[in-house]
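Structure first, then comments.
The values are calculated or read from the model by the stated rules, or taken from the named source; none is laboratory data. Treat the numbers as computed from the prediction; the structure is a model and nothing was measured. Heads up, the Cβs are rebuilt from the backbone with ideal geometry, glycines too, and the neighbour counts pull from every protein chain shown. Only protein heavy atoms, including side chains, enter the accessible area calculation; ligands, DNA and RNA are left aside. Shrake-Rupley method; radii C 1.70, N 1.55, O 1.52, S 1.80 Å.
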Amino acid sequence: MRVGILALLGLLAGALPALADERADCNQRGNWDAKLAACSALLKTDPNDVDALIERGIARTESSDFDGALADLNKAIEREPKSARAYTHRGHAYQRHRRFDEALADVNKAIELDPNSISALGYRAATHVIMGDVNMGAADAERTLQIDPNSALAHHVLGMAYSGKGDQDRALEEYSKAIELDPNFAPSFVNRGAVYNRKGDPDAALRDLSKGIALSPGLAGAYVNRSSSYLKKGEFEAALADLDKAIALDPQWAALYTRRGEFFTKQGKLDRALADFDKVVELSQRPEEAYSRRGRAYRLNGQFERAIADYSKLIELNPKNAKAYAERGSVYSEQGKTDLAKDDYDKAIELDPKFVSIYTERANVYVRKGQLSRAIAEYTTALKIAPENPDTYRARGGCYRKNGQLDLAIADFNKSISLSQGNTFAYLSRANAYQEKGQFSRAIADYSKFISMNPEDSGPYHNRAVAYSRKGMHSKAIADFTMAIKFNPKDGQAYFNRAATHQNLKHWSLALADYAKAIRLGHRKFDAYFNRGDIYLNMREERSAVANYTEAIALNPKDYLAYERRSFAYDRMGNLWKGAADAWTAGKLKKRR
């Protein structure tokens, strides 16, 4: 019997160090997998170990196992109803999964049980800030610091409060203080990274966010913020991978699908965007923004009726949503349903008379309807609300130009340029107005400015070439027509105009080749055949001249000049009878004019 007792004591002596190691691993922070395994081992030995239940609940929270965390923490509270720690960490689990009312109830209960609980006060402070009560959160954080001046959590929450108030520099100080006090406190690395993103420093943000993820891989928000950093750096695949990871960690977080849907929309992957916005509508308790974003994706995808259905649903949910009427009006406008578009724009303005973009949208409808004076009046109203908008000046200037009011148009383009030197299209618009006024040197200067900023746009080269031609600078005109053709090889007008310039310079073969190209592209075929006839006459190739004039006459049998020219060609060939017949037809057509 004595030997058996000694043997049992030996077994216990060997087991105690192992249990001590498991307890230490269960209580540690950082290695969540090891913590989870150690706590599970302790609970296998004693399923009612409240401390192990709480610690495993913490590990499961950090690993985004929300259901598992709640099961452990509920059991801990059942076993020990007055455990402030159990309520504190269940509150934190609720907070991490955006069930803020339940989170607040639990941390309040923890503080009732233990008024000096640093963790409970800290988590309550954080919950207040997240719910938008920045001042209440800051007050709880200050109270925490009175109890423990070295509370990393309290400094972290103060950082959240300052960030919420827009004071990013003070927020950085507090997050840095929290990290100094606890170098393994992942949330402060994550939030400091988010501040660096806001301050336009994606490299610093990436360093902090990656550190936060290394410390706590289950923080979905860390991946969301790191995705933003990658986007700022143009690293789109990495950004998408982080969004995917965040959604995998927290598939019920509707805002993540919104963000990824917007990403897909900008990438032109509209079917994937629509699938994400569908998910937002399914998950969100307030799906208004999802209908708006999905409506925009449908619109970009050309699914106009579905877009209208989403905007109509948005209006049904909130009949005073001016933006919804405006967006639906834009879809109607794209469909060419200008009356329906105007009705929606009218309603949007009725709901929000200072909704400046709606005046410009309604003006655009009037432009499409050809009602330029009404469009000008709408742009003028928009400028009274937002007098520093360069795009509105340019749009109104475009209406003045179409209306033949070139001086007013140029004045608006001048104002647009003065408000935004980089407003390249204002230079182009002003160049076109100068061209129409016959001020070719000024037009050339503005076309040149636009080309310097947009060197691969064919249109401005073409227009500048026309200005050079009008000034008799034919070599420069040919060079610009050639550049226009380089960037748009199917520009029949450019071939035609280059041909006409070659014709003026008596470059006969080059002109003939360009007219032939214009004809193949279907541009101004009558004029091209007619001009080719003239060139062949000048080259004394009368048969080819007759052939081209005949093609021109087939396209426009009532043009007397084509008959006159062919008559002259026949006469030169000695075919006087056909020449006389064409001369008679030309005279007859001329009298009818």
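Kirkwood radius, segment 396-526, all distinct C-alpha pairs, inverse of mean reciprocal distance: 15.2 Å. With point charges of +1 on the Cβ of Lys and Arg and -1 on the Cβ of Asp and Glu, referenced to the Cα centre of the chain, which listed residue (I54, A161, F277) lies farthest in the positive direction of the dipole? Of the options given, the answer is F277.
Label positions at W577 and T45, each projected 7 Å from the Cα along the C-beta direction, are separated by 12.5 nm.
Taking a straight line from the alpha carbon of K437, these aspartates and glutamates sit under 12 Å away, with near neighbours fewer than eight places off in the same chain left out: D407. For segment 176-313, a simple Cβ point-charge model (Lys and Arg +1, Asp and Glu -1, everything else neutral) yields a dipole of about 300 debye relative to the Cα centre. Working from Cα pairs under 8 Å separated by at least six residues, relative contact order for segment 89-207 is 15 percent.
Where the alpha-carbon atoms of segment 500-583 are placed on the principal axes, they occupy 34, 25, 16 Å, in descending order.
Pairwise inverse Cα distances across segment 116-179, averaged and inverted, put the Kirkwood hydrodynamic radius at 10.9 Å. Taking max minus min of the alpha-carbon positions on each principal axis, segment 235-322 gives extents of 39, 28, 18 Å, largest first. Close Lys pairs in segment 217-319, defined as Cα atoms under 25 Å apart and 8 or more places apart or on different chains, number 14.
Considering only N364, I308, L215, the residue lying farthest towards the positive end of the dipole of the chain is N364, judged by Cα position with unit charges set on Cβ.
Between the residues G574, G261, N423, the greatest Cα displacement towards the positive end of the dipole of the chain, with unit charges on the Cβ of Lys, Arg, Asp and Glu, is found for G574. With a simple spin-label model that places each label point 7 Å from the Cα along the Cα-to-Cβ direction, the separation between D346 and S452 comes to 4.8 nm. The distance from the alpha carbon centre of segment 384-442 to that of segment 130-172 is 51 Å, rounded to a whole number. Taking only C-alpha pairs under 8 Å that are 6+ residues apart, what is the relative contact order of the chain in percent? Across the chain, relative contact order equals 4 percent. Dividing the convex hull volume of the alpha-carbon atoms in the chain by its residue count gives 229 Å³ per residue. For K471, the aspartates and glutamates whose Cα falls under 17 Å of its own Cα, not counting residues fewer than eight places away in the same chain, are E436, D446, D480. Annotation: per residue accessible area for the chain equals 49 Å², rounded to a whole number [probe 1.4 Å, protein chains only].
Restricted to Cα atoms, segment 539-593 shows a radius of gyration and a Dmax of 10.5, 32 angstrom.
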